[in-house]
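The structure that follows is given in the form of structure tokens.
The values are calculated or read from the model by the stated rules, or taken from the named source; none is laboratory data. Quick caveat, the model's predicted, so the values are computed rather than measured. Note that each Cβ is placed from the backbone with ideal geometry, even for glycine, and that neighbours are counted across all protein chains shown.
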Amino acid sequence: MDSLDALANHYLAEVMKSLRDATVRSRLWHVQAALLVTLYLDIDEGDVEAVQWFTLGKAIRTAQDLGLHHSCAHWKLPRSEVETRHRVFYACYVLDRWTGARAGQTADNFGSSSSVEVNDEDREAEEQLETKEEKPYATLLLMIKLSEILGRLLKAMYAPNSKNSNHSAGLDDPTIWTVFEQRLKSG
């Protein structure tokens, strides 16, 4: 087991070095590598939250530099490239929300500047498949939706000035929860 840990730490060090040195030109693999490191650090039992938050932030900034937060559905790219870009964007989005929640941050790094939508073709393809095992993106689609709800909830509860805005709108914490419950039931 020690040799596996040593190998994992070696690869982690190499990837972190590559990410640190990758300042010349952003590439999609930089985002993917940073996301994988973020997930890898999540299983580490040490005090790695700051490194994890920094690495995820680097992934998000690189994703924005590459324009992953903009829809590329009408660009002249192969469909596989469009799908990869969308999925990498949503991996950033999901990790941003959940890592932010754990760190006590509102985690709105993409805000309303994102124009990427869940691909309708993916939804249609999922609906045509018979069994749950044949729906490869069902979990991703649900996780995106759940992450959106989490982001809205965190923003309503903890964003700067949220208490003042909520109070001005006549909303207290129990009322906010009621509103979210109603929205969840209505879809």
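For region 55-84, give me each residue that is closer than 16 Å to residue 15 by Cα and either among the basic types (Lys, Arg) or surrounded by fewer than 19 Cβ atoms within 10 Å (Cβ to Cβ) (or both).
Matches in region 55-84: 57, 58.
Oh, and also: Quick check: is even one residue across region 112-128 at pLDDT 65 or above and under 29 Å from residue 49 (Cα atoms)? Break it down into steps so the answer makes sense when it comes.
Applying the first criterion (at pLDDT 65 or above) to region 112-128 yields none.
Checking region 112-128: not a single residue is at pLDDT 65 or above and under 29 Å from residue 49 (Cα atoms).
Considering region 7-21 alone, what residues qualify as being surrounded by 10 or more Cβ atoms within 10 Å (Cβ to Cβ) and free of Cβ contacts under 8 Å to residues at least 12 places away in the same chain?
7, 9, 10, 11, 13, 14, 17
To continue, here is another question. If you check every pair at least six apart or on different chains, which have Cβ atoms under 8 Å apart with a residue in region 85-103 that is without any contact (Cβ under 8 Å) to a residue 40 or more places away in the chain and surrounded by 19 or more Cβ atoms within 10 Å (Cβ to Cβ) first and a residue that is hydroxyl-bearing (Ser, Thr, Tyr) and not in a helix (DSSP H, G or I) second?
89/114
Here's the yes/no breakdown for (1) in a helix (DSSP H, G or I); (2) touching a His at 6+ places or on another chain (Cβ under 8 Å); (3) exposed (fewer than 10 other Cβ atoms within 10 Å of the Cβ):
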position: 26; (1), (2), (3): no, no, no
position: 31; (1), (2), (3): yes, no, no
position: 35; (1), (2), (3): yes, no, no
position: 41; (1), (2), (3): yes, no, no
position: 46; (1), (2), (3): no, no, yes
position: 53; (1), (2), (3): yes, no, no
